[in-house]
């Protein structure tokens with residue numbers, strides 16, 4: 001996910017705070033340097049900074065390498081904003097050569113790729129995208145670089161080439177935070193572009209097996225189940241959708257939040273049981289959705305479908321009971337109006 005300008009400022013100021021409080025005491029030169037930088041940053045944000053000399057001075061007078069790299073990045077960002085790409089490139093180069101593996105280096109390498117692209121140097125730009133991914137796979141700019149690479153390959157409809165690149169890169173980054181993203185892109189390429197659902201499912205399964213606690217693990221199971229439903233392998237789809245319905249905690253969130261797919265998966269299980277003709281089981285899942293997500297916009301529809309399942313089973317008493325519940329709990333929904341029409345005058349009275 002790309003960070004906006006405000007988030008970058010927060011990161012930068014947080015980094016500066018950590019740098020300034022990392023030791024038990026701060027010596028006078030370091031304290032003065034930090035005060036000067038914060039003053040320059042404040043003026044910059046207010047639009048009252050006349051030139052970039054305070055930031056240039058901060059680079060020259062930084063008391064240590066981490067502070068120097070932070071200041072170089074601030075200066076490079078300002079120069080890029082002012083479209084002074086030639087001057088910015090000098091500072092970007094300083095952050096990447098010799099390579100130091102940190103967020104500043106990753107950001108600078110990615111920016112160098114963008115600059116080369118703006119000059120029409122596609123080969124040089126591509127080289128720096130690969131460098132961002134392979135040298136800095138645990139940093140956010142590596143995700144940006146992967147996304148840019150994907151756009152280039154898909155724009156030329158080089159789907160086999162994109163798969164070959166992803167396959168080749170994976171061994172280099174398989175222990176990194178980017179590994180699951182790379183696998184997920186490979187699975188999507190098989191499914192959407194190469195129309196090979198079997199290979200897609202194998203790659204998605206690898207995410208679940210190798211990175212079960214990572215952010216895309218739930219997504220991978222969801223994609224597998226979607227493919228299985230698409231080819232009407234209903235029992236397999238139910239199995240995988242139910243994995244998501246049992247995810248009380250998801251790798252997408254910190255804490256005890258439910259999986260982002262939990263509500264969708266409940267409905268998918270219900271629909272799958274309908275396809276198998278198991279209307280009683282389907283109704284139970286539709287009603288589970290209503291009970292757990294009563295304020296959802298889809299709750300009235302789920303309640304209607306639950307009632308319909310009982311009607312198809314010939315269980316008229318249950319069917320009418322749920323229709324009355326629908327008119328009572330969701331009186332303003334179109335499904336309540338349909339239920340009222342089916343019940344007839346006075347049919348909703350208990």
Within segment 133-169, the count of residues that are closer than 21 Å to residue 105 by Cα and in a helix (DSSP H, G or I) comes to 14
Subset of segment 68-86 (residues that are loosely packed, with under 15 Cβ neighbours inside 10 Å and assigned to a helix (DSSP H, G or I)) = 81, 86
In this structure, is residue 114 surrounded by 15 or more Cβ atoms within 10 Å (Cβ to Cβ) and out of contact with any helix residue (DSSP H, G or I) (no Cβ under 6 Å at 6 or more places or on another chain)?
-> yes
Here the residues within segment 94-126 that are more than 23 Å from residue 143 (Cβ to Cβ) and either part of a helix (DSSP H, G or I) or touching a strand residue (DSSP E or B) at 6+ places or on another chain (Cβ under 8 Å) (or both) are 94
Residue 175 versus (1) out of contact with any helix residue (DSSP H, G or I) (no Cβ under 6 Å at 6 or more places or on another chain); (2) outside any helix (DSSP H, G or I); (3) under 25 Å from residue 263 (Cβ atoms): which is the lone unmet condition?
-> (3)
Only one residue in 160, 143, 147, 139 is modelled with pLDDT of 95 or more, surrounded by fewer than 16 Cβ atoms within 10 Å (Cβ to Cβ) and within 26 Å of residue 78 (Cα to Cα), so which one is that?
-> 147
Hits in segment 93-105 - residues which are within 13 Å of residue 59 (Cβ to Cβ) and within 30 Å of the chain's Cα centre (by Cα) | 95, 104
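Here's the yes/no breakdown for (1) surrounded by fewer than 19 Cβ atoms within 10 Å (Cβ to Cβ); (2) within 30 Å of the chain's Cα centre (by Cα); (3) farther than 24 Å from residue 229 by Cα:
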| site | (1), (2), (3) |
| --- | --- |
| 274 | no, no, no |
| 299 | no, yes, no |
| 304 | no, no, no |
| 307 | no, no, no |
| 316 | yes, no, yes |
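The values are calculated or read from the model by the stated rules, or taken from the named source; none is laboratory data. Given the structure is predicted, the values throughout are model-derived calculations rather than measurements. Positions of Cβ are backbone-derived with ideal geometry, glycine not excepted, and every protein chain shown enters the neighbour counts.
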